[in-house]
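Notes for the one structure printed next.
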Amino acid sequence: MKNHHIIVFFFSLFLIMRLGSFVSCTEETKVYIVYLGEHNGDKSLKEIEDHHCSFLHSVKGTTSKEDVRASVLVHSYKNVINGFSAVLTPQEADMISGMEGVVSVFHSDPYEIRPHTTRSWDFVSLLEGTSLLNSREKLLQNASYGKDIIVGVMDSGVWPESLSFNDEGMEPVPKSWKGICQEGVAFNASHCNRKLIGARYYLKGYEAAAGPLNETRDFRSPRDVDGHGTHTAGTVGGRRVANASAIGGFAKGIASGGAPNVRLAIYKVCWPVPDQSLAEGNACATDDILAAFDDAIADGVHVLSISLGSLPQSTYYTENAIAIGSLHAVKKNIVVACSAGNDGPTPSTVGNVAPWVITVGASSIDRVFSSPIMLGNGMTVEGQTVTPIRRRRLHPLVYAGDVEIRGTTASNTSGTCLPGTLSRHLVRGKVVLCLNNVREASMEVKRAGGVAAILGNSFNEIQVTPFLDPTTVVFSYSLATILTYIRTEKNPMATLVPGNTLIGTKPAPVMASFTSKGPNVIDPNILKPDITAPGFNILAAWSEASSPLKMPEDRRVVKYNMQSGTSMSCPHVSAVIALLKSIHPDWSSAAVRSALMTTSTINNVVGRPIKNATGGDANPFEYGSGHFRPSRAVDPGLIYDATYTDYLLYLCSQNISLDSSFSCPEKVPTASNLNYPSLAIANMRGSIRTVTRVVTNVGKDNSTYVLGVRSPPGYVVDIVPKSLHFSKLGEKHSFNITIIRAQSNVERRNEFSFGWYTWSDGVHVVRSPIAVSSA
């Protein structure tokens, strides 16, 4: 599953670099980022770089400044972010960390941050409610389809020839745009247009750490060889393209981004991992990402869509490029949306947890790709596939565990169709039932001479894959039915039925099994993720330099491809952010987040609670505030606003300072007091805790909002006052939320309980989730 997304993991990379006479060839060197905060605007670009080089010259001793600039300096951030990256020994990095003006020094690991990887927009409209079935088109019209909004996409590049990026009928590029169309291999200025208004690529950090780019595997340019970046860009702002479909004609319809007329700016920061296939993911160097942030802010983007991330570490706020870069972006009122990660369903895996970014989980839509299995006894078993299958006659059916080469599997791997485990003699000409749903299982059945594969799936949804050979996937209960048939039938037989696209399946949405979950491991007093959106089996534009499987064995070329991951849900939200920014250009980043969160829903299309992948009721650690409802977010009634200063105050609660111009007060507000649209109180000590929130009226004049509360089990929530009256737009009111632990709550200690509170004026319902745990 994680081969489909951009996920981040941590491990040390030690590289021996040759730096001539500067560093001994046996001395360990790495790329380090030296973060200095923000520029104050009093230096020229040359003066900035000279200042950065002075740090390096001071630790390199006899090395000249010119040699430092040529051989040691990697990036010099000159626009908004103040800092640089360079090739240093750990001792040199430690020396610089103690110098005046240095906020932090940290290793730029190219393998830390990686990618988290049609019908979805129609499905989103269903969740708006019956009175808003045409809501999407009305929203697009009110926002002028996002035509004046610039969305920056940080990813693996773009395939500019895709019809999703044509600029037919679009107006001239906004005058506010200050970016460039950076030329490179197979990419020139003509590939930018009024849709793709800018493109850059960042390779210095990657090459300094991992060595020269293998140019047989990727383009030294903004061109996308992977497909992930093209897919996310198309999901945000792809034009409407008729008769688009995945390979085999699945999901055929009009492919469209969420904001078809937004302008796209591409920032390519991800590259192939050396000696690994594209299916195993990309590498995105931390210092390259920070350079992309620095350029994007200066270029004039309004929204940043970032489907990249990592499992947060304890140094998250001071050493994570996305956290640091996005804080600078939000200061300039750029809204940043990030994927939550694909490490679910394990708890405490949610990434991109900074309170100034919008963190997006992934859920399904109401579309499946039905491909039943016909058994020899006449029974039909439900299955799903997007693999083209021709109707065949019945073939002998076997269970993989019965046809393995002796000694190639253990008790816990038998039946899983691992590579090299199936006997050609026993499999040839047969349909094989495997216990797990991975592409390697289908390929192993083909290698052993099987005619088709049936793969088992353990969750309540099926992530489809365009396999190379006839394959369908079944739920666990169907797998058990087939296995029983094999065990009880003397000559079991089966055939796969060609798949069809079915729309309107219920219940939907369902939380994806892979979506990363809370609680927030860095600070559980900030509830993450914030929201969920479609990220399961999503069709969008694809790179024609890649194949549907991104594996060497797959030589197919497609224009559109199906992908799953929070990488896919994030651009859905980014698109709606662009539309909201078009309608409300004066709204802050926090206001946009608040509008999305407080108007979301925790119910599916049949009005019941959203389920998780195992069939239970999902909770805020999976969906945040709920599934977004774009048209309702246009008019949220009330918003929870926050400023850059509020975020610095929040960092004070974490004993962190990222801005030397700001001093923490003697009495620092607790993290739970950040004016956030959700409320989390972790490890509550004592029996009572009070926090404050402030709401701003953006609905209508002379309105009164009445309180509604559902207390988390084991607690009582008391909010004062019980009603809020607003005489005009822009008016603010504060209220206190007191959490009281019940005497009978001993057994719930260290466990989170969930509830919610609402403010309603009869038209708007402003809903906030509550998560509480006791020490």
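The values are calculated or read from the model by the stated rules, or taken from the named source; none is laboratory data. Predicted, not measured: the structure shown is a model, and the values here were computed from it. Backbone-built Cβ (ideal geometry, glycine too); neighbour counts: all protein chains shown. All accessible areas refer to the heavy atoms of the entire protein, side chains included, with ligands and DNA or RNA removed. Shrake-Rupley method; radii C 1.70, N 1.55, O 1.52, S 1.80 Å.
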Taking square-rooted eigenvalues a ≥ b ≥ c of the alpha carbon gyration tensor, is region 305-370 rounded, prolate or oblate, where a/c under 1.5 means rounded and, failing that, a/b exceeding b/c means prolate? oblate
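Counting other Cβ atoms within 10 Å of each Cβ, which trypsin sites (Lys or Arg not before Pro) in region 539-610 have at most 16 and sit in a DSSP loop?
555, 556
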For region 37-83 and region 193-211, what is the centre-to-centre distance using only Cα atoms, to the nearest Å? 21 Å
Taking all protein chains in place and a 1.4 Å probe, what share, in percent, of the accessible surface of the chain do carbon and sulfur account for? 51 percent
Region 616-775 accessible area per residue, 1.4 Å probe, protein heavy atoms, integer Å², reads 43 Å²
Report P(r) for the chain: all Cα-Cα distances, bin width 10 Å, range 0 to the bin holding the largest distance, values in whole percent. 3, 14, 23, 25, 19, 12, 4, 1, 0
Quick check on region 200-308: take the gyration tensor over C-alpha atoms, sort the square-rooted eigenvalues as a ≥ b ≥ c, and tell me if it's rounded (a/c under 1.5), prolate or oblate. oblate
If you take the alpha carbon radius of gyration of region 481-525 and divide it by 2.2 N^0.38 Å, what ratio comes out, to two decimals? 2.20
Under 1.5 on a/c is rounded, so check that first for region 567-692, then, if it is not, pick prolate when a/b is larger than b/c and oblate when it is not; a ≥ b ≥ c are the square roots of the alpha carbon gyration tensor eigenvalues. oblate
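Give, in whole angstrom and from largest to smallest, the semi-axes √(5λ) of the equivalent ellipsoid of region 492-646, with λ running over the eigenvalues of the Cα gyration tensor. Write out the running numbers ahead of the final one.
On the way: eigenvalues 215, 86, 53 Å².
Values for region 492-646, descending: 33, 21, 16 Å.
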Residue by residue, what Karplus-based ³J(HN,Hα) values in Hz, rounded to whole numbers, does region 435-445 have, using 6.51, -1.76 and 1.60 with θ = phi - 60° and x for Gly and Pro? 7, 10, 9, 9, 4, 5, 5, 4, 5, 5, 4
Just to confirm my numbers, what's the Cα centroid distance between region 630-704 and region 216-280 in Å? 36 Å
Which value, in nm² and rounded to one decimal, describes the direction-averaged projected area of the C-alpha convex hull of region 476-559? 10.9 nm²
Quick one: net charge around residue 757, please, counting Lys, Arg +1 and Asp, Glu -1 for every other residue with C-beta under 10 Å from its C-beta. +3
Could you work out the equivalent-ellipsoid semi-axes for region 362-407, taking the square root of 5 times each eigenvalue of the Cα gyration tensor, largest first, in whole Å? 26, 18, 11
Can you work out the Karplus-derived ³J(HN,Hα) for every residue in region 760-775? Use 6.51 cos²θ - 1.76 cosθ + 1.60 with θ = phi - 60°, whole Hz, and x for glycine or proline. 9, 10, x, 10, 9, 10, 9, 10, 10, x, 10, 10, 9, 9, 10, 6
If DNA, RNA and ligands are ignored and the probe is 1.4 Å, what is the ranking of 731, 666 by accessible area, most exposed first? 666, 731
Theoretical ellipticity at 222 nm over the chain - DSSP helices of four or more residues, -39500 (n - 2.57) apiece, nearest 500: -6000 deg cm²/dmol
Only Lys, Arg, Asp and Glu count, each charged at its Cβ (+1, +1, -1, -1), so figure out the dipole size of the chain about its Cα centre, rounded to 20 debye. 2420 debye
